[in-house]
Amino acid sequence: MSYYEQIKADMYSAMKSGDKQKTATLRTVLSILKAKLIDKREDLTEGEELKELRTFAKQRSEAIKMFEKGGRNDLVQKEQSELNTIEQYLPKMLDENSIRELVQKIILETGASGVEDMGKIMPQIMKSGGGLIDGKTAQTIVRELLS
């Protein structure tokens, strides 16, 4: 079952149970996926759906940081609730130690010797991670190991 279909089914369940917050969040996600589907004019692949879900989650995370800085705890709670809902659909990302091992392996394979090789190895790292790697974390580790 695609993410779209799963989210749609979960939205209907949330509607029936009266969970307004979850219903609203899932409705928003569905509208994002549907807009992407209309733009593409064909079914989205699982990877494309996952990319849209990650973008939505990242936007919620950034909003939380901004609202915390502004002292808007009411909005922090709302955004956190939306983030928690969407994270249920995202696969578990690799932890820092796993990313470090992968980066070390790719550095050895490519023979990268300095930070100037970062552009050469980052795409390989991201591809090897199968979408389960946080790019910022990987970039930090690469800089650390190649410095």
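Values computed for the structure shown
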{"quantity": "Helices (runs of 4 or more DSSP H) completely within region 1-114 that count 1 or more residues being over 30 Å from Arg143 (Cα atoms)", "calculated": "3-17, 20-40, 46-70, 73-87"}
{"quantity": "Residue satisfying all of: in region 35-72; farther than 16 Å from Tyr3 by Cβ and touching a helix residue (DSSP H, G or I) at 6+ places or on another chain (Cβ under 6 Å); surrounded by the fewest Cβ atoms within 10 Å (Cβ to Cβ) among these", "calculated": "Glu68"}
{"quantity": "Residue match in region 97-120 (condition: surrounded by fewer than 15 Cβ atoms within 10 Å (Cβ to Cβ) and on the phi > 0 side of the Ramachandran plot)", "calculated": "yes"}
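A short reminder: the numbers here are calculations on the coordinates, not readings from a lab. Remember, predicted model here, so these are calculated numbers, not experimental data. Because the Cβ atoms are built from the backbone with ideal geometry, glycine has one as well, and the counts that use them run over all protein chains shown.
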